[in-house]
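What follows is one structure encoded as structure tokens, with my remarks underneath.
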Amino acid sequence: MIHRRTFLLSTAGLALAGPLRAAPRVEKDVVYSRPDADTTLLMDLYLPPGRGPHPAVVLVHGGGWLGGSKAGYERMGPWLAENGFVGCAINYRLAPKHPYPAAMDDCHRAVRWIRAHAKEHGLDSRHVGALGDSAGAHLVALIGVRDARKDVERELRRYRARPDAVVSNYGAHELVRMWKIEMAHRPLTAWLGGAPEQRPTEYRDASPVSMVSKGSPPFLILHGNQDKVNPEEQSRLLHAALREKGVDSTLQVIDGAGHGWAPGTRQAQEAETATLAFLRRHLRR
């Protein structure tokens, strides 16, 4: 059974790019998976006016694989809905209680759930993107370049688990190199179980740069050139790996931006404009 709460959300005060339209509907706390007996995973849907079907974008929060929640997209979700996309903000299992590959599996589950339940929510199952920030950017990149593992959501196996387009915002994409940054040791250890020399297979398989193939979807990669958390190099490495395989990839380095961009700034406007243009190009019917 699917449990949900439906709201009308005011859009007053939003500074994101794009025309203001009728307020989106919001379905809160929709159950998209129960990966084990003790865990229920929830999704918030931000829906445009009208019956649809509308293209969907899975929104994956950051937090170093250790924290964060779907509430971080209470601003972007309505903006997507105003521009004709369904924002699908998800919670996923967090380390250290749930190490790799739990979070990756949950993101694959979310994509499959959207395709499986598209008709009842007015979604377009053929056009499902994914967008993430920081650790969420890493996760959307990972599900873009990797197929779901065989034991993930078996009853939905006939639905494709990869997104049709990926937006990665200031993510970590080559985790062995990330280990060189001292502040990355705690989250990487919690998520992957140790240092690279202790877990070489996990570091390789969890690094999007290592897993790119010709079948990867189009990517938009955004990164600030003043990022002190995840270096700009991380996105350059992913972009190069995608281009080497012939994948449609756009890298946009945002001058003056650190690890993220504050609402209403020039950097935020640049990122929002690029994101909207990319989603329109790759997810519109």
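The values are calculated or read from the model by the stated rules, or taken from the named source; none is laboratory data. As the structure is a computational prediction, the values presented were derived from the model and not from experiment. Please note: Cβ atoms are built from the backbone with ideal geometry, for glycine as well, and neighbour counts cover all protein chains shown.
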Does Gly224 qualify as being at pLDDT 95 or above and under 15 Å from Ser134 (Cβ atoms)? yes
I'm trying to understand the selection: among the residues of the range 133-159, which are surrounded by fewer than 24 Cβ atoms within 10 Å (Cβ to Cβ), outside any helix (DSSP H, G or I) and out of contact with any helix residue (DSSP H, G or I) (no Cβ under 6 Å at 6 or more places or on another chain)? Asp147, Arg149, Lys150, Asp151, Arg157, Arg158
Can you name every residue in the range 160-178 that is in a loop (DSSP other than H, G, I, E, B) and buried (at least 19 other Cβ atoms within 10 Å of the Cβ)? Ala161, Arg162, Pro163, Asp164, Tyr170, Gly171, Ala172, His173, Glu174
Within the range 42-52, identify whether any single residue is small (Gly, Ala, Ser) and not in a loop (DSSP other than H, G, I, E, B), and answer yes or no. no
Of those in the range 97-113 that are in contact with a helix residue (DSSP H, G or I) (Cβ under 6 Å, 6 or more places away or on another chain) and over 16 Å from Leu175 (Cβ atoms), the residue surrounded by the fewest Cβ atoms within 10 Å (Cβ to Cβ) is Arg112
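Before we move on, is Leu242 crowded, with 21+ Cβ neighbours inside 10 Å, assigned to a strand (DSSP E or B) and not polar (S, T, N, Q)?
Considered against the rule, which asks whether it is crowded, with 21+ Cβ neighbours inside 10 Å, assigned to a strand (DSSP E or B) and not polar (S, T, N, Q), Leu242 comes out as no.
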Looking at this structure, is Gln226 farther than 16 Å from Pro163 by Cβ and touching an Asp or Glu at 6+ places or on another chain (Cβ under 9 Å)? yes
Among Pro53, Pro24, which is the only one that is at pLDDT 90 or above and in contact with a helix residue (DSSP H, G or I) (Cβ under 7 Å, 6 or more places away or on another chain)? Pro53
Residue count for the range 212-230, restricted to those that are under 25 Å from Asp147 (Cβ atoms) and surrounded by fewer than 18 Cβ atoms within 10 Å (Cβ to Cβ): 3
Inside the range 189-208, can you point out the residues that are touching a Lys or Arg at 6+ places or on another chain (Cβ under 6 Å), more than 16 Å from Leu142 (Cβ to Cβ) and not in a loop (DSSP other than H, G, I, E, B)? none
Could you please let me know if Gly87 is among the small types (Gly, Ala, Ser) and either at pLDDT below 95 or farther than 25 Å from Gly193 by Cβ (or both)? yes
